[in-house]
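Trainee: Right, I'll just put the structure down here and ask away after.
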Amino acid sequence: MAVGSERGIVGGIRIDLKRLHETWMEVVYPRQRGADDTVLGKWTPDSQLQLVLYRLWSAVGMPVIALVYPLVLLGAFLRFQTRRIDSTATRLGVVGVIALSVLVWGALIALARFQLDLDPGGLVAVIAASVVATVSAALAVFTRRVGGRGTTVALAYPFGMTAIFLPPVVAALFSQDVASVVLPSSDRLARWLLWDVLDLVGLAEPLVENFEREGGAYALMWLGISVPLGWVLGLLVTLADLVRPTE
């Protein structure tokens, strides 16, 4: 069983790398990916110069493939996780997702009101977070259903990330207890993004001059993180679909 499993893994990797290499070759040359068993077959060079250029392009693709393949594996893992969530969301539908979110957050609001004895600001924080999470989750499901691949990557994934990241920050704007946990971590992340990432492209100084790291700025920061992060996740899943297509 172990030997068979190992051969299966090695065989799968070989297929992945072959598809990646053929995709790379097809950027410049026709009939490369999956053309072996077609009527015309794979295109091959018919002159010495074309053969040299063909092999040169193939060699250039080797380090590119070595860098991209780990992203393919990550995308395959993310695809497995997201499709489990997507399957559940599809069965529920937009109305079902809203109803489930209202039910869960309603229970949390009731717990906060009657069991935790939160102050009015803390209760408002939970309510505000529930609104953000419910709206974002509903938009993620809606944009996933009405659009194709482009809409899913451009909108559904960012809305899904917003449903995860933004509610704690929204709650922190209304509750000092939540803020004491969420905002210091957000401040450390903001400093790192400013001086270790954005400063490399000259954006740190303008942001420091025009924005204060307080209140709603944290919500804007996490919104700014969740949107591109959603795009990255969507592109990784798309890459996995390209290399490892499923039924």
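The values are calculated or read from the model by the stated rules, or taken from the named source; none is laboratory data. Being a predicted model, the structure only gives us computed values, none of them experimental. All Cβ positions, even for glycine, are placed from backbone atoms using ideal geometry, and neighbour counts span all protein chains on display. Note: areas computed on protein heavy atoms with side chains; ligands, DNA, RNA excluded. Shrake-Rupley method; radii C 1.70, N 1.55, O 1.52, S 1.80 Å.
Trainee: Separation between the residue 100 and residue 196 pseudo-spin-labels, each 7 Å from Cα along Cα→Cβ, expressed in nm?
Mentor: 3.6
Trainee: Take peptides 44-52, 165-173, 231-239 and line them up by average Cβ neighbours within 10 Å, highest first, as a rough protection proxy.
Mentor: Result, highest mean Cβ count within 10 Å first: 165-173, 231-239, 44-52.
Trainee: Still on this model: Which length gain, in nm to one decimal place, applies between residue 60 and residue 181 when the Cα-Cα distance is subtracted from 0.36 nm times their residue separation?
Mentor: Net length gain for the segment: 38.7 nm.
Trainee: Once phi is turned into θ = phi - 60°, what whole-Hz ³J(HN,Hα) does the Karplus curve with 6.51, -1.76 and 1.60 give for every residue of segment 190-195, x standing for Gly and Pro?
Mentor: Ordered by residue, 3J(HN,Hα) equals 4, 4, 5, 4, 5, 9 Hz.
Trainee: How do 67, 242 rank by accessible surface area computed with a 1.4 Å probe, from largest to smallest?
Mentor: Largest accessible area first, the list is 67, 242.
Trainee: Quick one: what are the phi-derived ³J(HN,Hα) couplings along segment 14-23, Karplus 6.51/-1.76/1.60 with θ = phi - 60°, whole Hz, x for glycine and proline?
Mentor: 4, 5, 4, 5, 5, 5, 4, 5, 5, 5
Trainee: May I ask you to order 55-61, 129-135, 34-40 by the average number of other C-beta atoms within 10 Å around their residues, highest value first?
Mentor: The most tightly packed comes first, giving 129-135, 55-61, 34-40.
Trainee: Could you calculate the contour length gain from residue 135 to residue 73, that is, 0.36 nm times the residue separation minus the distance between their Cα atoms, to one decimal place in nm?
Mentor: Additional length available on full extension: 19.2 nm.
Trainee: While we're here: Could you go through segment 169-179 in sequence order and give the Karplus-derived ³J(HN,Hα) for each residue, using 6.51 cos²θ - 1.76 cosθ + 1.60 with θ = phi - 60°, rounded to whole Hz, and x for Gly and Pro?
Mentor: 6, 4, 4, 5, 6, 10, 10, 5, 5, 5, 4
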